[in-house]
Amino acid sequence: MMKNNKLKKLILIAGSTGGHALPIFDIYQELKDEYQIKIFVSGSAIEHDIFKGTPRVKIISGRLNRHSFVKMLLGLFSIAIGFIEAFFYLLFNRPKLIMAKGGFLAVPVLSAAKILNIPYFTHESDSEMGLTNKKYGLSAKKLFVGFPLEVYNDAIAKKAEYSGQIIRKVFLTHKKERIYKNRIMITGGSQGARKINQQIFEILPELLKKYEILHQIGERDIIEANNILNNLNQTEKTQYHTFGFSVEDIEKGMTEADLIIGRAGANTIGEIAALSKASILIPYPHAATDHQNKNAKYLEKTGSAIIIKEEVLNSKILLDIIDYLFSDKKNLEVLGKKISNAIKINGLEVISKEIKKFMDS
């Protein structure tokens, strides 16, 4: 490492959800000892927890709400304020490179970067390019993607590099044991997954007769989950574990589970692939650009996960599929192997290497 590397400035753009913030935190951890890094954050509670103790700069930004004229104006005003903040910060603290993960916070920052001719890299986790990456990806120095190039349109495929997903090291280094313990992890990501939770609550007494349940729950369902927990008998209580959005608890739950039930976000898919776990995925139907359904289509094509559309999801279907998968442990093993082969998971290594190459050039 060059002695003056710490003088080289690198900016990482986070975001208000775990899907944007966690990969940026992983990149920060990988490069923090080599460069002078600042992390641009939007000020969300998730960012506060993830980036505690790191060098942060809060930038105002907003989403464009197409269903409300007032909210659209407020969003545009916030983006304009964020652009001014980002422009002057970049002007007076000129970095050599910016690394973004898409998301609404990147809009004012990358707009300012383009005017100031500051190069940037960006990474798209999903099989459908997000709105920010669609707008800024083609003018990036490097555009990395999490799915194989053939799932993207020709313009993106020509520009992009297939880095794979950015996965936390705890998942990459986990020993892939084949000791099945009838343990199920249910996760809805940083926002929780209310529709999934409601189905689980309906069949919980049946599930607890056969399985240990690790259930990550969003804020909206915590009270109901606690009420259900209080009404369980002592034996059932030892089989049902609930927790909120905790990075450590989710890591522990996913690594210990035999089966993972959740949404079809790219981070979740990548973590399941890194662990070689069987999964039942219910894509969130209102996700931006319908990216979760498109991620799920790729998994269906490769036979690497059980996909249930939310509109047909009910507790009986879910229970029947769970029981089928556990009826023969080979069902779980085959799904785990297939998703491990279908999803590339060394994005952190690839992107960190390319950042170093650029920063040191």
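The values are calculated or read from the model by the stated rules, or taken from the named source; none is laboratory data. Bear in mind that the values here come from a model prediction, so they are computed numbers and not experimental data. Neighbour counts run over all protein chains shown; Cβ positions are idealised from the backbone, glycine included.
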Fill in: Residue, surrounded by the most Cβ atoms within 10 Å (Cβ to Cβ), within segment 310-352, restricted to residues that are farther than 21 Å from residue 271 by Cα and charged (D, E, K, R)
310
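Residues are listed down the side, and each one gets a yes or a no for (1) buried (at least 21 other Cβ atoms within 10 Å of the Cβ); (2) touching a Lys or Arg at 6+ places or on another chain (Cβ under 8 Å); (3) touching a residue at least 24 places away in the same chain (Cβ under 8 Å); (4) not assigned by TED's automatic domain parsing to the domain that holds residue 137:
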site: 45; (1), (2), (3), (4): no, no, no, no
site: 49; (1), (2), (3), (4): no, no, yes, no
site: 68; (1), (2), (3), (4): no, no, no, no
site: 92; (1), (2), (3), (4): no, no, no, no
site: 100; (1), (2), (3), (4): yes, no, yes, no
Worksheet entry | Qualifying residue in segment 237-260 (condition: of a type in the set (D, E, K, R), buried (at least 17 other Cβ atoms within 10 Å of the Cβ), in the same structural domain as residue 327 (by TED's automatic domain parsing) and modelled with pLDDT under 90) | no
Worksheet item: Which condition number does residue 181 fail, the rest of (1) within 20 Å of residue 283 (Cα to Cα); (2) modelled with pLDDT under 95; (3) touching a strand residue (DSSP E or B) at 6+ places or on another chain (Cβ under 9 Å); (4) in the same structural domain as residue 258 (by TED's automatic domain parsing) being met?
Response: (1)
Worksheet item: Hey, which of the helices (runs of 4 or more DSSP H) in segment 292-361, taking only ones fully inside, have at least 1 residues that are of a type in the set (A, V, I, L, M) and more than 17 Å from residue 279 (Cα to Cα)?
Response: 347-359
Response to the item:
Among the residues of segment 280-297, the number that are surrounded by fewer than 20 Cβ atoms within 10 Å (Cβ to Cβ), of a type outside the set (A, V, I, L, M) and either in contact (Cβ under 8 Å) with a residue 24 or more places away in the chain or not assigned by TED's automatic domain parsing to the domain that holds residue 325 (or both) is 6
Worksheet item: Does residue 201 qualify as being touching a Ser or Thr at 6+ places or on another chain (Cβ under 7 Å), surrounded by 13 or more Cβ atoms within 10 Å (Cβ to Cβ) and touching a residue at least 12 places away in the same chain (Cβ under 8 Å)?
Response: no
Worksheet item: From 38, 52, which residue is over 21 Å from residue 124 (Cβ atoms) and part of a loop (DSSP other than H, G, I, E, B)?
Response: 52
Discussion item. Which of the numbered conditions does residue 144 fail, given that it passes all the others? Conditions: (1) aromatic (Phe, Trp, Tyr); (2) under 18 Å from residue 86 (Cβ atoms); (3) in contact (Cβ under 8 Å) with a residue 60 or more places away in the chain.
Written reply: (2)
Fill in: Those residues of segment 166-181 which are of a type outside the set (Asp, Glu) and either under 24 Å from residue 244 (Cβ atoms) or free of Cβ contacts under 8 Å to residues at least 12 places away in the same chain (or both), in sequence order
166, 167, 168, 169, 170, 171, 173, 174, 175, 179, 181
Worksheet item: Which condition number does residue 162 fail, the rest of (1) surrounded by 19 or more Cβ atoms within 10 Å (Cβ to Cβ); (2) touching a Leu at 6+ places or on another chain (Cβ under 6 Å); (3) of a type outside the set (Asp, Glu) being met?
Response: (1)
Fill in: Residue check for residue 52: out of contact with any helix residue (DSSP H, G or I) (no Cβ under 9 Å at 6 or more places or on another chain) and under 23 Å from residue 248 (Cα atoms)
yes
Worksheet entry | residue 149 vs. criteria aliphatic (A, V, I, L, M), in the same structural domain as residue 353 (by TED's automatic domain parsing) and at pLDDT 95 or above | yes
Worksheet item: Here are some residues: 162, 136. Which one is aromatic (Phe, Trp, Tyr), touching a residue at least 24 places away in the same chain (Cβ under 8 Å) and either farther than 24 Å from residue 302 by Cα or outside the structural domain of residue 10 (by TED's automatic domain parsing) (or both)?
Response: 136
Worksheet entry | strands (runs of 3 or more DSSP E) fully within segment 60-174 counting 1 or more residues that are over 19 Å from residue 11 (Cβ atoms) | 142-145
